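Reviewing the structure listed below.
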Amino acid sequence: MRRIAFGLGFALALVAGVVWTFAPNDPLRLGLFAGACTGLINVGMLWSRRDSVSSLGIRGAVRWVRVNFVSRMAVLLLVLVLLGRRLGTSGDLALLGGFFAVEAAVLAVLVREKG
């Protein structure tokens, strides 16, 4: 099921990329594409370190969650800073929308698996 979740996130980023290619100068489409890609990178960051958390104690796991959250949000902030002038306010909102759409889709599939 994890492959399905990652595949869904990748498909959303791919669709956002195809939509962006139709009008590459549109800040909304660029923001949506960048947000979807950032969400996909964040999901990849989570999955790459998932095995290391299982071997940690409770204190280490709590610390890992804090550090992981900060590093994931730093990636999002870095993308916002790098694309700030090209996006504008509407593009920033589209970036956040693309990011949370990918994250929500992946998490929905994973929660359904646990469910």
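First measure r as the distance between the Cβ atoms of L110 and V15, then evaluate 1/(1 + (r/R0)^6) with R0 = 22 Å and state the FRET efficiency to the nearest 0.05. Result of the calculation: an efficiency of 0.65. Remark: spin-label model distance W47-I4 equals 1.4 nm, labels positioned 7 Å along the Cα→Cβ axis.
No lab work stands behind these numbers, since they all come straight from the coordinates. Keep in mind that this is a model prediction, so the values were computed, not measured. Backbone-built Cβ (ideal geometry, glycine too); neighbour counts: all protein chains shown.
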